[in-house]
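**Student:** There's a structure below that I have some questions on.
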Amino acid sequence: AQSVAQPEDQVNVAEGNPLTVKCTYSVSGNPYLFWYVQYPNRGLQFLLKYITGDNLVKGSYGFEAEFNKSQTSFHLKKPSALVSDSALYFCAVRPNSGNTPLVFGKGTRLSVIA
Amino acid sequence: EADIYQTPRYLVIGTGKKITLECSQTMGHDKMYWYQQDPGMELHLIHYSYGVNSTEKGDLSSESTVSRIRTEHFPLTLESARPSHTSQYLCASSDTTGLQGGETQYFGPGTRLLVL
C-alpha cells in the first residue's frame, strides 16, 4: 500500500529566505506525486505534480519540487518565501499502475515571518 | 480555480437531523471524491466514485452515504447527524482522460458542518 510522510508538522521561515517542505513516499512501482496548498477556510489548491521526465518540476506561485527516486522524496521548495505563502501544504502520491485514489500526507503548516 | 461547487458552505444543525451536502462540477470529470478534514488537520477519504452508478467507501469508516446518478453531481448524506460529525467536508473531482493515474484532483471550497 502506498503512503506519504511529511516529517515536519510546522516549518517557520523568515520572509525572503528559501523554504523547503519535506515529503517522502512509499509506493509499489513508480509514483505520481503531487503538492497541494490550503489557505484558511478554503479547499485544497493544486500546486504541481511529477508524472515523468525532468526530476525538477515547476509549479504555481514560484514553487518547485524535486523528485528523488533513490531517496523516495519529493520536497517542495521556493527560493524566496513570502508572508502570503503561509498556509498548510499537503503532499500526495498515487502509483502509476492501477486506478486508486490519491494518498495524502498529514500536512505541514508553513509560517513565513516578516 | 476549478469549477467545483459545494453547498452549503456552512451548516449548523441539531443532533439526529438528516442532512445532504451537495457537490457538483461542470468539468465533466468522471471521478469524484469526498474527504473529511478537521480544521488544519489531515484529510480522510470517506467515499469516491469513478463514474455514474459507481461508488466506493474510502479509508475512514463513515456513517454517511453517497450517490452518483449524474456525472456532475455527487451528494453526501448523513441520515442522523451527531456531534462527532462536526468537521469540514471537501469534495474533489478528476478526469481520466490522458495519462491514467496522473490526473490532477481539483477541490471544492468545502462545507463546514457543526452538529449541536
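The values are calculated or read from the model by the stated rules, or taken from the named source; none is laboratory data. Remember, it's a predicted structure, so these values are computed and weren't measured experimentally. Backbone-built Cβ (ideal geometry, glycine too); neighbour counts: all protein chains shown. Protein only, heavy atoms only, side chains kept; ligands, DNA and RNA dropped before computing areas. Shrake-Rupley method; radii C 1.70, N 1.55, O 1.52, S 1.80 Å.
**Student:** Taking B:L116 as meeting all but one of (1) at pLDDT below 95; (2) open to solvent by 10 Å² or more (accessible area, probe 1.4 Å); (3) not charged (D, E, K, R), write down the number of the exception.
**Tutor:** The number of the failed condition is (1).
**Student:** Please go through region A:2-45 and pick out each residue that is without any contact (Cβ under 8 Å) to a residue 60 or more places away in the chain, within 11 Å of chain B (Cβ to nearest Cβ) and loosely packed, with under 12 Cβ neighbours inside 10 Å.
**Tutor:** A:P40 - this is the single residue of region A:2-45 that is without any contact (Cβ under 8 Å) to a residue 60 or more places away in the chain, within 11 Å of chain B (Cβ to nearest Cβ) and loosely packed, with under 12 Cβ neighbours inside 10 Å.
**Student:** Can you report the number of residues in region B:49-60 which are over 22 Å from A:A5 (Cβ atoms) and open to solvent by 40 Å² or more (accessible area, probe 1.4 Å)?
**Tutor:** Total satisfying the criteria: 6.
**Student:** Okay, moving on. Out of all the residues in region A:69-84, which are in contact with a Ser or Thr (Cβ under 8 Å, 6 or more places away or on another chain) and open to solvent by 20 Å² or more (accessible area, probe 1.4 Å)?
**Tutor:** A:Q71, A:T72, A:H75, A:K77
**Student:** Further question: Could you count how many residues in region B:1-32 are under 25 Å from A:V103 (Cβ atoms) and out of contact with any Ser or Thr (no Cβ under 7 Å at 6 or more places or on another chain)?
**Tutor:** Selection size over region B:1-32: 3.
**Student:** What number of residues within region B:17-32 satisfy the criterion of being open to solvent by 40 Å² or more (accessible area, probe 1.4 Å) and not polar (S, T, N, Q)?
**Tutor:** Number satisfying all stated conditions: 6.
**Student:** Another question, then. Just a yes or no: is a residue in region A:85-95 open to solvent by less than 20 Å² (accessible area, probe 1.4 Å), basic (K, R) and within 29 Å of B:P39 (Cβ to Cβ)?
**Tutor:** Yes.
**Student:** Do we find a residue being within 12 Å of chain A (Cβ to nearest Cβ) and either assigned to a loop (DSSP other than H, G, I, E, B) or open to solvent by 20 Å² or more (accessible area, probe 1.4 Å) (or both) anywhere in region B:68-90?
**Tutor:** So far as region B:68-90 goes, no, none of its residues is within 12 Å of chain A (Cβ to nearest Cβ) and either assigned to a loop (DSSP other than H, G, I, E, B) or open to solvent by 20 Å² or more (accessible area, probe 1.4 Å) (or both).
**Student:** Tell me which of these B:Y35 doesn't satisfy, since it passes every other one: (1) open to solvent by less than 40 Å² (accessible area, probe 1.4 Å); (2) without any contact (Cβ under 8 Å) to a residue 12 or more places away in the chain; (3) assigned to a strand (DSSP E or B).
**Tutor:** It is condition (2) that B:Y35 fails.
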